[in-house]
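Visitor: Sharing a structure here in structure tokens format.
What follows draws every value from the coordinates through simple rules; no lab data is involved. Remember, predicted model here, so these are calculated numbers, not experimental data. Here the Cβ positions follow ideal geometry from the backbone for every residue, glycine too, while neighbour counts run over all protein chains shown.
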Amino acid sequence: MLRLFDTAQGKVLPLELREPGKVSMYVCGPTVYGPPHLGHGRFSLVFDVLRRYLIWSGLDVTYVSNITDIDDKIINRANDEDRAWTDIATRCETVWWDAMDAIGVMRPDHDPHATAYVTQMVDLVADLLERGDAYVSDDGVYFSPAVVDDYGLLARQSLESLQAGARVEVAEHKRSPIDFALWKFAKPGEPSWPSPWGDGRPGWHTECVVMSLDLLGDGFDIHGGGLDLAFPHHENERAQAVAGGHAFARHWVHNGFVEVGGEKMSKSLGNFTNLLDLIDSTDPRAYRLLVLRAHYRSPLEISKATTDDATAALKKLDTVARLLAEADLPEAAPDPEALNRFRAAMDDDLDTPRAVALLSELRRRANTALDAEDDQDAAVAGAAFLEIAGALGLVLDTGGREVPAEVLAVAARRDEARAARDWALADALRDQLVADGWLVEDTPSGTQVRRA
Ligand SMILES: [Zn+2]
């Protein structure tokens, strides 16, 4: 039984499904106005891991993640660069999916675009107005979340404390500082859609509540996103659903921040770091391994040292995957005890650091069994190793038989060290090759490397 921390309840709780065997998930996707940053990469990987684990556990998962393709940020960039807003949104969306493919994130079952749902959004606004929970102001239509009894649930704060905290904000167009826009009237030259109150565009919080309920229905199972979305975005989605008489998400799951140099990463702090740079400069699988090595609710430190370390760890995993592929091992089912330990770790609020430690343990065990020519244990441990890597979405390189260029380069450096009589360096390079799972031999023509 999977237990997850529920932000609304403030504790780890069993995942209770709306319908046995089926999981419906909505994860807030990007606003497409710039390149994806590392925080986007993290939430995408965290929820990809959760989704894959649920599928691996035998559940039928429906995964929805939206594209916010109309927003002030898109309009502002279009104005700054004198381009069509649709051009910004379309291009940034292409870059988004390319990046998701590169880091191995499964495509959603549905990827609703806000602009395709404007009619339904207008209907929701009309309903909230009719109920008396919203009002028309001079620049748009606003919602009063004070009508929702438990408003503040996801912020873990009371309505009073949120109101007190919000008073510093200027609230020219709204009755209360905590009110938010359901519909924004268009200024001259801005993209707009018709509505009974004036041409305009939907507010961000209205987009997600409409798309999630439309595709997944009332009381869907999991609503997820980065912790920065819990309040106000998710709280405001929830408030509209509750006011409109809908049961909303049963479980709220949020992942922690990415830290670069020890600070929370965000564009507003100026330490914005681009996911595309990471993909270009590193094995993209290293980011998944880094995400897995940290608990999803903990901060994730991204630095050259942590990415290098993850890349080195991946190499070791690849090496054993290759050795297993090349060994002529008997057919074997994965070690059931190892799979039970994997389940226990993941069911415990998705304890992926424990799952990764288990993966390393199985790698060592399979490697040792291969060395000892214990085919049976190599097969059983190796099958569990590959099964768990697959469940976590880590695609290991079982490669062809040829020795990769990077390994040959290490062998060449060792020959240079030997020629220079630098025995310490030659030994260190030899140890490195052996640690990566290679057989190393000295021959008259120099260092020969081959698979064990
Ligand atoms: Zn959202």
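Visitor: Only bridges whose two residues both fall in the chain count here: according to DSSP, what percent of them are antiparallel, nearest 5?
Guide: Beta bridges within the chain, antiparallel portion: roughly 55 percent.
Visitor: To make sure I understand, if each residue's beta carbon is the centre and we count other beta carbons within 10 Å, what order do Tyr296, Tyr142 fall in, fewest to most?
Guide: Ascending Cβ contact count within 10 Å gives the list Tyr142, Tyr296.
Visitor: Follow-up question, since we're still on this one. Report the full-extension gain for the segment Ser303 to Leu408: residue separation times 0.36 nm, less the Cα-Cα distance, to one decimal in nm.
Guide: The span from Ser303 to Leu408 would gain 35.0 nm if fully extended.
Visitor: Further question on the same structure: Order these by the 10 Å Cβ neighbour count, fewest first: Thr306, Thr206.
Guide: Thr306, Thr206
Visitor: A follow-up question, please. Starting with the fewest neighbours, write out Lys11, Lys184, Lys22 ranked by other beta-carbon atoms found within 10 Å of each beta-carbon.
Guide: Going from sparsest to densest Cβ surroundings: Lys11, Lys22, Lys184.
Visitor: Calculate the spin-label point distance for Tyr135 paired with Arg354, positioning each point 7 Å from the Cα along the beta-carbon direction, and give it in nanometres.
Guide: Label at Arg354, label at Tyr135, 5.2 nm between them.
Visitor: Hey, another quick one. Under 5 Å between amide H atoms, partner at least 5 residues away or on a different chain: which partners does Leu350 have, H built in plane at 1.01 Å?
Guide: Under 5 Å from the amide H of Leu350 lie the amide H atoms of Arg3, each far enough along the sequence or on another chain.
Visitor: Dipole size in debye (nearest 20) for the chain around its Cα centre, Lys and Arg Cβ +1, Asp and Glu Cβ -1?
Guide: Rounded to the nearest 20 debye, it is 580 debye.
Visitor: Please state the charge dipole magnitude for segment 380-425, taken about the Cα centre, from unit charges on C-beta atoms (+1 on K and R, -1 on D and E), reported in debye and rounded to the nearest 20.
Guide: So the dipole magnitude of segment 380-425 works out to roughly 200 debye.
Visitor: Taking the Cα centre of the chain as the origin and placing charges on Cβ (Lys, Arg +1; Asp, Glu -1), which of Gly21, Trp56, Trp193 is farthest toward the positive end of the dipole?
Guide: The residue sitting farthest along the positive end of the dipole is Trp56.
Visitor: Calculate the FRET efficiency for Val395 and Arg18 from the Cβ-Cβ distance with a Förster distance of 30 Å, rounded to the nearest 0.05.
Guide: E between Val395 and Arg18, to the nearest 0.05, is 0.40.
Visitor: So which trypsin sites (Lys or Arg not before Pro) in segment 319-408 are both in a DSSP loop and have at most 13 other Cβ atoms within 10 Å of their Cβ?
Guide: Arg401
Visitor: Here's something else I'd like to know. Along each principal axis of its Cα atoms, how long is the chain end to end? Whole angstroms, biggest number first, please.
Guide: Projected onto the principal axes, the Cα atoms of the chain cover 86, 50, 36 Å.
Visitor: Using a Förster distance of 51 angstrom, determine the FRET efficiency expected from the C-beta separation of Gln376 and Asn76, and round it to 0.05.
Guide: 0.20
Visitor: Just in segment 312-380: which GluC sites (Glu not before Pro) are loop by DSSP and have at most 15 other Cβ atoms within 10 Å?
Guide: Here the GluC sites (Glu not before Pro) that fit, given the DSSP loop and packing criteria, are Glu331, Glu373.
Visitor: Work out how much length Asp149 to Asp228 would gain on full extension: take 0.36 nm times their residue separation and subtract the Cα-Cα distance, in nm to one decimal.
Guide: Length gained between Asp149 and Asp228: 26.2 nm.
Visitor: Can you tell me how much longer the chain between Gln157 and Asp431 gets when fully stretched, taken as 0.36 nm per residue apart minus their C-alpha distance, in nm with one decimal?
Guide: 93.1 nm
Visitor: Another question, if that's okay. Taking amide H atoms as placed 1.01 Å from N in the peptide plane, list the residues 5 or more away in sequence, or in a different chain, whose amide H sits under 5 Å from that of Leu300.
Guide: Distant-sequence amide H within range of Leu300: Phe257, Val258, Glu259.
Visitor: Right, another one. How large is the helix-only mean residue ellipticity at 222 nm for the chain, computed as the sum of -39500 (n - 2.57) over DSSP H runs with n ≥ 4, divided by its residue count, in deg cm²/dmol to the nearest 500?
Guide: -14500 deg cm²/dmol
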